[in-house]
Amino acid sequence: MKQVLVRNGKTNILDVPIPAINDNEILIKVKYSALSPGTELNVIGSTSDSLLVKAVKNPKNLIKAFSLVKNKGISIMKEIVSQKKTDYNPIGYSAAGEIISVGSKVKNFNVGDKVACGGAKYAYHAEYICVPSNLCVQVPKKVSLEKASTITLGAIALQGVRRANPTMGENFLVIGLGVIGQITAQLLKSNGCNVFGLDLNKKRVEKAIKLGLAKGFTGDNIIKEILKITNGYGVDGVIITASSDSDSVVSTAFKCCRKKARVILVGDVGLNLKREEIYAKEIDFLVSTSYGPGRYDQRYEEEGLDYPISYVRWTENRNMQEYLSLITKNRICLDPFLLNKYEIEDINKAYKSLIEPEFKILAILSFPEIDKDPIKDLSEIKIIKSDKKEKNKKINIAIIGCGSFTRLIHLPNLKKLNKYFNLHTVVNKHGFKSKSIAEQFSINNISSDVDEIFKNPEIDAVLISTRHNLHTQLVLKALKAGKHIFVEKPLSISNNELMQIKNYVRSIAKCPILITGFNRRFSPYIQKLKNICEESDNPFILNYRVNAEYLELKNWVYKEEGGGRNIGEACHFYDIFNFLANSDIQSYSAHRIDLKRLPNNSSQYYSCDDNFLATFKYNSGSIANLIYTTFGNNLYPKEFIDFYQDGKVITINDFREMEIFINQKDKFSTKTQDKGYLKEMELFAKS
């Protein structure tokens, strides 16, 4: 499919795979998408900024970079910088089209429905998009898909008006008469208000007046004029829909207000507020968050959790519905803004039209019809192959799932091991990410369909690095396809899943290689410790301290797809215990923190499953203990090992240095942290 992608300040139309659909998502064939000059042009411009400019704009990123260099090393930092430079960025956040597939958990939508959808992470300028159901609404028959494609802009305007809580007869000023400002003015007028507008562009003001604005201004003497037409009081409310770095926009809004008025910020402006401008009039200053309640709430937007209407009358989805309803009732006029149309191939002309001095506050992109059945021919569209066929004896490996860890660790390592591996295909949910990864690592094929990988006879092995809940089903598919498998930990997140793999392996005569990514046992530090351990038959005592990073409890790791940090991460450390003991477990115990004993403000902050001790006694007599906690501090190293055996003491500090106390004190260290990732992959290849 074709998609508009941005890199280094330039727009590109590229062929990428159709995105893979999740349970709560809808796959949509886009007919129209809307472009507005504010947000999108800012995004395009930001991709051309140098790293220095980005650091000045957001100093927090610079602090994070220094922290990353300290903890992970300069090589990881260089890899991140390299990726940021070459990544393609999707763009777009408002579209309309026809449903061609629905996820298993989606209700109230069917294939063939005409829908409008929003979301800066979903409603891209692309022929096909995957959008969560709570960000989609049915398009009424009386509303054209062209008008419906402005759904996001309309919902933003509507939420701003709701925050203002206007009443009939009130005087309102709208600052910024772009497309959101134009819609805002019409909504206020429809609400029975006297509406005034301010914009530096005279043509925008003239257009707003034709659509019902009581009076418009271009900046000259506006405060004096507003006081005149409101009998010296000032307006009851101001809605700011402008985009400007200047603090004067907000200052002007306050000066135009009566006492106890309210000012609503919808746009993006400078916010160096002056107390005296607010305090004397006791002005209420409110911020409107995009489309409404639910915005930026992952549970609402991605997991389909709705807010009860009796408690939250207007969610972002209900705002979107109401906006289309207002169009059907002719309460909003969009016709003057829909004349600026372009086909996707003319995307650069569309953006150019938004920055020309003419009156253009909106552009509509149209997408051509595809003759093929998109579902029937999905595999053909999803996978993009090169004409050049690889003819070598290397292991053709496919990458399934490409998050930041795989991009920073596994892919660079596979590239280093190019005498063993040929990076054949990368599979990812989003085609634009696959495109970026493929170019960076010279991968010929990209796809969003894992089944294509298992069917492809050219592929010898797969690296599975998806979210944890998908590991077992993908491992089973790979085993049945006869592919060798490297799967990131954990192999499974439940005993039932583990038994499915065990039972299948037992049922086949010859099993492909299946390795779980317990990399630490391949680290030179653990290898040295293993050699020392095996010099004696006496049992050992080992204490493993993990100063784990705190994660917000809404993180995916804690949800169904993650399985929690004990299963998802502590399995690393249990593997070390088993590796060193080389014996069956005789008994074990585990104790976690009782959060009820924490202060009230902390009991909902931490997870008890993140703060625990786990002790194992082996048949060999050895004892291993894990201290896992998020109560710590990131200034302290993450992992520390104390090992005691038969007059020997060994410590390992975060896989950077090792102290050995036997006959004398010895030290071992590496230039960078070495957790065994490269060695692990090399041994997988050799096996």
(message) If packing is taken as the average number of other Cβ atoms within 10 Å across a peptide's residues, how do 319-331, 297-309, 274-286 rank, most packed first?
(response) 319-331, 297-309, 274-286
(request) With a ≥ b ≥ c taken as the square roots of the eigenvalues of the C-alpha gyration tensor of segment 226-330, please select rounded if a/c is under 1.5 and otherwise prolate if a/b is larger than b/c or oblate if it is not? (result) prolate
(request) Give me the distance in nm between label points sitting 7 Å out from Cα along the Cα-to-Cβ direction at THR615 and ASP537, one decimal. (result) 2.7
(request) Take the Cα coordinates of segment 177-231, assign each an equal point scatterer, and use the Debye formula without solvent to give log10 I(q)/I(0) at q = 0.13, 0.16, 0.18, 0.26 Å⁻¹. (result) -0.28, -0.43, -0.54, -1.04
(request) First select every other residue whose beta carbon is under 13 angstrom from the beta carbon of GLU657; then total the charges, Lys and Arg +1, Asp and Glu -1. (result) 0
(request) Can you work out the accessible area per residue across the chain, with the rest of the protein chains kept in place, probe 1.4 Å, in square angstrom? (result) 48
(request) Mind computing the radius of gyration and Dmax over the alpha-carbon atoms of segment 90-184? Å is fine for both. (result) 15.4, 49
(message) Going by amide H atoms built from the backbone, whose H comes under 5 Å of the H on VAL263, apart from near neighbours?
(response) VAL238, ASP284, PHE285, LEU286
(request) Assuming 1.306 mPa s and 10 °C, estimate D for segment 1-41 with Stokes-Einstein, Rh taken as the Kirkwood radius over Cα pairs, in µm²/s. (result) 126
(message) How large a share of the accessible area of segment 311-356, in percent, is made up of carbon and sulfur atoms when the probe is 1.4 Å and the other protein chains stay in place?
(response) 47
(request) Would you compute, for the Cα atoms of segment 571-687, the largest minus smallest coordinate along each principal axis and list the three values in descending order, in whole Å? (result) 49, 38, 36
(request) Determine, from the Cβ-Cβ distance of ASP23 and LYS121 and an R0 of 22 Å, the FRET efficiency 1/(1 + (r/R0)^6), rounded to the nearest 0.05. (result) 0.85
(message) Relative contact order of the chain, please, whole-number percent, based on alpha carbon pairs below 8 angstrom and at least 6 residues apart.
(response) 11
(message) If I model a spin label as a point 7 Å beyond the Cα along the Cα-Cβ vector, how far apart are those points for LEU498 and SER587 in nm?
(response) 2.1
(message) So for segment 204-267, if I pair up every lysine 8 or more residues apart or on another chain, how many of those pairs have alpha-carbons under 30 Å apart?
(response) 18
(message) What is the angle, in °, between the Cα long axis of helix 524-533 and the longest principal axis of the Cα atoms in the chain? Nearest 10 is fine, range 0 to 90.
(response) 30
(request) Pull up all non-local amide H partners of LEU211: gap of 5 or more, or a different chain, and H-to-H distance under 5 Å with H placed in the peptide plane. (result) none
(request) Could you check how many percent of all C-alpha pairs in segment 529-579 are farther apart than 18 Å? (result) 47
(message) For segment 420-537, place one equal point scatterer on every Cα, skip the solvent, and apply the Debye formula. What is log10 of I(q)/I(0) at q = 0.20 Å⁻¹?
(response) -1.13
(message) Could you give the length gained by full extension between LYS349 and PHE661, i.e. 0.36 nm per residue of separation minus their alpha carbon distance, to one decimal place?
(response) 105.2 nm
(message) For the ranges 401-408, 8-15, what's the packing order if you count other beta-carbon atoms within 10 Å of each residue, average per peptide, and put the highest first?
(response) 401-408, 8-15
(request) Calculate the all-directions average of the projected area of segment 138-236's alpha-carbon convex hull, and give it in nm². (result) 6.9
(message) Taking a ≥ b ≥ c as the square roots of the Cα gyration tensor eigenvalues, with a/c under 1.5 meaning rounded and otherwise prolate when a/b beats b/c, else oblate, which class fits segment 169-283?
(response) oblate
(message) I'd like to know how segment 513-620 sits against the 2.2 N^0.38 Å rule of thumb: what's its Cα Rg over that expected value?
(response) 1.27
(request) Quote the charge dipole size of segment 476-557 about the Cα centre in Debye, to the nearest 20; the model charges only the Cβ of Lys and Arg (+1) and of Asp and Glu (-1). (result) 440
(request) Treating cross-link reach as a plain straight distance, find the aspartates and glutamates whose alpha-carbon is under 20 Å from the alpha-carbon of LYS510, omitting any fewer than eight places away in the same chain. (result) GLU458, ASP460
(request) Compare the peptides 136-144, 212-220, 518-526 by average per-residue count of other Cβ atoms within 10 angstrom and give them in order, highest first. (result) 518-526, 136-144, 212-220
(request) First select every other residue whose beta carbon is under 13 angstrom from the beta carbon of GLU225; then total the charges, Lys and Arg +1, Asp and Glu -1. (result) +3
(message) Give me log10 I(q)/I(0) at q = 0.05, 0.06, 0.09 Å⁻¹ for the chain, Debye formula, one equal scatterer per alpha-carbon, no solvent.
(response) -0.31, -0.44, -0.91
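The values are calculated or read from the model by the stated rules, or taken from the named source; none is laboratory data. Keep in mind the model is a prediction, meaning the values are calculated, not measured. No Cβ is skipped: glycine too gets one built from the backbone with ideal geometry, and neighbour counts run over all protein chains shown. The accessibility values were calculated without ligands, DNA or RNA, using every heavy atom of the protein model including side chains. Shrake-Rupley method; radii C 1.70, N 1.55, O 1.52, S 1.80 Å.
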